[in-house]
Amino acid sequence: MKMTLTVTSRGVITLPAKLRRALNLKADDQLIAEPTADGLLLRPAVTLPIEIYTDERIREFDEAEEELANAIGRRRARSRKKVRRT
């Protein structure tokens, strides 16, 4: 589907509703604009939600890391004992 679009003096391009529907684009969707040898390529931007960690959540991470380090240490110690016995 080819369409002619107009760039306003402010650099705004309006995508016609038919094109937005065909591409399943909704209000506030983000696009990546990339210059190519053939012209301008617009493609959907992949956005991922982020989590802002609270101090409590950071403590949970620290505790889990400590538990893991202890478990690894115990496993290594058992492995060393087995090697010494043989």
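The values are calculated or read from the model by the stated rules, or taken from the named source; none is laboratory data. Note that the structure is a prediction, hence the values are computed from the model and not measured. All Cβ positions, glycine included, derive from the backbone under ideal geometry; neighbour counts span all protein chains shown. Protein only, heavy atoms only, side chains kept; ligands, DNA and RNA dropped before computing areas. Shrake-Rupley method; radii C 1.70, N 1.55, O 1.52, S 1.80 Å.
Applying the selection to the stretch 9-21, what residues are among the aliphatic types (A, V, I, L, M), out of contact with any strand residue (DSSP E or B) (no Cβ under 7 Å at 6 or more places or on another chain) and surrounded by 11 or more Cβ atoms within 10 Å (Cβ to Cβ)?
Once the filter is applied, which keeps residues that are among the aliphatic types (A, V, I, L, M), out of contact with any strand residue (DSSP E or B) (no Cβ under 7 Å at 6 or more places or on another chain) and surrounded by 11 or more Cβ atoms within 10 Å (Cβ to Cβ), the stretch 9-21 yields Leu15, Leu19.
Look through the stretch 45-64, keep the residues that are of a type in the set (D, E, K, R) and assigned to a helix (DSSP H, G or I), and return whichever of them is nearest to the chain's Cα centre (by Cα).
Going through the qualifying residues, I end up with Arg57.
Is it fair to say Leu48 is modelled with pLDDT of 90 or more and open to solvent by 70 Å² or more (accessible area, probe 1.4 Å)?
No; evaluated as a whole, the condition is false for this residue.
From the list Thr86, Thr54, exactly one residue is out of contact with any Cys (no Cβ under 7 Å at 6 or more places or on another chain), over 24 Å from Lys2 (Cα atoms), at pLDDT 90 or above and polar (S, T, N, Q). Which is it?
Of the residues listed, the single one that is out of contact with any Cys (no Cβ under 7 Å at 6 or more places or on another chain), over 24 Å from Lys2 (Cα atoms), at pLDDT 90 or above and polar (S, T, N, Q) is Thr54.
Of all residues in the stretch 14-44, count the ones that are aliphatic (A, V, I, L, M) and assigned to a loop (DSSP other than H, G, I, E, B).
5
Taking the condition of being closer than 21 Å to Thr47 by Cα and out of contact with any Leu (no Cβ under 9 Å at 6 or more places or on another chain), how many residues in the stretch 7-28 meet it?
7
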